[in-house]
Amino acid sequence: MMNIRFPIALAMLAALAALAGCAYEGPAGNGSAVRAIMASQVIPPQPRAETGTDGAAAAAAYANYKQSYAQPTPQGDSAMVGKR
């Protein structure tokens with residue numbers, strides 16, 4: 001009688017140990033974490049008023065950008081290249 005119960009009990013204990021790895025502690029979110037991450041990566045279509053740039057500053061920045069390519073500043077000699 002003892003010989004029959006021991007393998008069955010051992011098999012049940014092994015099955016319970018294997019199923020314990022499948023247990024999930026916590027509420028099921030149904031993908032809410034993925035949706036929250038995706039929403040945090042979306043750029044809002046309208047700039048916020050406190051971080052937006054006014055038109056005069058944007059025009060001056062663009063003019064400075066265009067001027068930097070028209071008249072590039074000369075670069076000094078580099079220690080890596082040396083003089084000729």
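Bear in mind these aren't lab numbers, they're just calculated from the coordinates by the rules spelled out. None of these values were measured; they are calculated from a predicted model. All Cβ positions, even for glycine, are placed from backbone atoms using ideal geometry, and neighbour counts span all protein chains on display.
Estimated from the Cβ-Cβ distance and a Förster radius of 35 angstrom, the FRET efficiency linking Val42 and Ala70 is about 0.40. Model label sites at Ala59 and Tyr24, defined 7 Å from Cα along the beta-carbon direction, differ in position by 5.8 nm. Between Ala33 and Met12, the FRET efficiency estimated from the beta carbon spacing at R0 = 35 angstrom works out to 0.50.
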